[in-house]
1. Which number in (1) buried (at least 17 other Cβ atoms within 10 Å of the Cβ); (2) under 17 Å from the mean Cα position of the chain (by Cα); (3) within 30 Å of residue 133 (Cα to Cα) marks the one condition that residue 225 misses?
2. How about region 50-99: which of its residues are on the phi > 0 side of the Ramachandran plot and within 13 Å of the ligand (Cβ to nearest atom)?
3. Is region 41-49 home to any residue that is within 16 Å of the ligand (Cβ to nearest atom), within 24 Å of residue 105 (Cβ to Cβ), more than 19 Å from the chain's Cα centre (by Cα) and not small (Gly, Ala, Ser)?
4. Would you pick out the residues in region 106-128 that are within 14 Å of the ligand (Cβ to nearest atom) and open to solvent by 40 Å² or more (accessible area, probe 1.4 Å)?
5. Sort out for me the strands (runs of 3 or more DSSP E) sitting completely within region 163-221 that have 1 or more residues that are of a type in the set (A, V, I, L, M) and open to solvent by 60 Å² or more (accessible area, probe 1.4 Å).
6. Quick one: is residue 244 within 16 Å of the ligand (Cβ to nearest atom) and open to solvent by 10 Å² or more (accessible area, probe 1.4 Å)?
7. Kindly indicate whether any position in region 183-195 is over 30 Å from residue 308 (Cα atoms), touching a helix residue (DSSP H, G or I) at 6+ places or on another chain (Cβ under 7 Å) and not aliphatic (A, V, I, L, M).
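The values are calculated or read from the model by the stated rules, or taken from the named source; none is laboratory data. Note that the structure is predicted; figures quoted are calculated from it, not measured. Here the Cβ positions follow ideal geometry from the backbone for every residue, glycine too, while neighbour counts run over all protein chains shown. Surface accessibility is based on the protein's heavy atoms, side chains included, excluding ligands, DNA and RNA. Shrake-Rupley method; radii C 1.70, N 1.55, O 1.52, S 1.80 Å.
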Amino acid sequence: LDLSTFFLGRPLTSPLMNASGVWCNVNNQLNALAESKAGAMVTKSCTLLRRNGNPEPRYHTLAMGSINSMGLPNEGHQYYLDYAERHDYENKPLFFSIAGLTLDDNLTMVAQIQDAYTPAILELNLSCPNVPGKAQIAYDFEALDVILAEISAAYSRPFGIKLPPYFDIAHFDEVAEILNRYEKVSFITCINSIGNGLMIDINSETVLIKPKEGFGGIGGDYVLPTALANVNAFYQRCPKKSIIGCGGVSTGEHVFMHLLAGAGIVQVGTALYEEGPEIFVRLNIELAKIMKEKGYKTIREFQGKLKTI
Ligand SMILES: C=Cc1c(C(=O)O)[nH]c(=O)[nH]c1=O
């Protein structure tokens, strides 16, 4: 069961990790991920100060996935810095997600991470769809360019960004052109939830979640084709960067697809929310079984090797 791989030069025992926001808000969840069979883990996107987030119900399981409008609930930046100080980096790499409400907040958090000298890897979340009144930065290409310039100037280490899904080839081209101008952007995580979906309960004739009149980010089976497309689009367009795949993963086959599409690490969100950290045991076994059936000894043999017809 050799699923070992490397990411940004770091050895991983498995290419799997959680998606930010899922099973990573508070210490007992973070400790469970640290003890799980995931190869890495990431903290909940944090803001400078603690946030309660949106009113509940704000998450609902759907037939083929989930809808959420959590509203960025988190314990505040210092809480996760304290965890990063305690984390055992020999056990597995830790990614540190931030989603500041303003550029200044992001710069303040980045400066504190810089000063903390933590080995954690920064994942800058530019795609939260659920903070009322805040448009997703990564859908505003000028704002995207500005924040990458500011963070690159303020942060001395390599970092990555969490992108929303794009649905137009011209947008893949335009965003990749921007990203390729920032060499400190060492990885790209595709995708965040598909923003502002809506699901309906026909018995009560109501929406399913309270915030934003029921509008929320969609995850799960519904998003797998969009996730694979975004992974492969940026894998092809950003050859000097690594890709983290996220979206629609609930089986070893989905993990294999993300790796084939070019992902170096595969994140699990909705399925982890539903199944808990034991899911990493199942996904590792299912992935290893597929590799064995196909005669692959290492992930490197097939990673990014998607063939066209
Ligand atoms: C960080 C906020 C996010 C949230 C949230 O906290 O509502 N939900 C998502 O699906 N993606 C996010 O990036």
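1. All conditions pass for residue 225, except number (1).
2. Once the filter is applied, which keeps residues that are on the phi > 0 side of the Ramachandran plot and within 13 Å of the ligand (Cβ to nearest atom), region 50-99 yields 53, 65, 71, 72.
3. Checked region 41-49: at least one residue is within 16 Å of the ligand (Cβ to nearest atom), within 24 Å of residue 105 (Cβ to Cβ), more than 19 Å from the chain's Cα centre (by Cα) and not small (Gly, Ala, Ser).
4. Taking region 106-128 and keeping what is within 14 Å of the ligand (Cβ to nearest atom), we get 106, 109, 123-128.
Listed by number, the list is empty, since nothing qualifies.
5. 194-198
6. On the way: within 16 Å of the ligand (Cβ to nearest atom): yes; open to solvent by 10 Å² or more (accessible area, probe 1.4 Å): no.
No.
7. Residues of region 183-195 over 30 Å from residue 308 (Cα atoms): 184.
When the remaining residues are screened for being touching a helix residue (DSSP H, G or I) at 6+ places or on another chain (Cβ under 7 Å), the result is 184.
With the extra rule that they be not aliphatic (A, V, I, L, M), the set shrinks to 184.
Yes, some residue in region 183-195 is over 30 Å from residue 308 (Cα atoms), touching a helix residue (DSSP H, G or I) at 6+ places or on another chain (Cβ under 7 Å) and not aliphatic (A, V, I, L, M).
For every residue, the table says whether it meets (1) touching a Pro at 6+ places or on another chain (Cβ under 6 Å); (2) of a type in the set (Asp, Glu); (3) crowded, with 18+ Cβ neighbours inside 10 Å; (4) more than 25 Å from residue 264 (Cβ to Cβ).
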residue: 13; (1), (2), (3), (4): no, no, no, no
residue: 32; (1), (2), (3), (4): yes, no, no, no
residue: 65; (1), (2), (3), (4): no, no, yes, no
residue: 75; (1), (2), (3), (4): no, yes, yes, yes
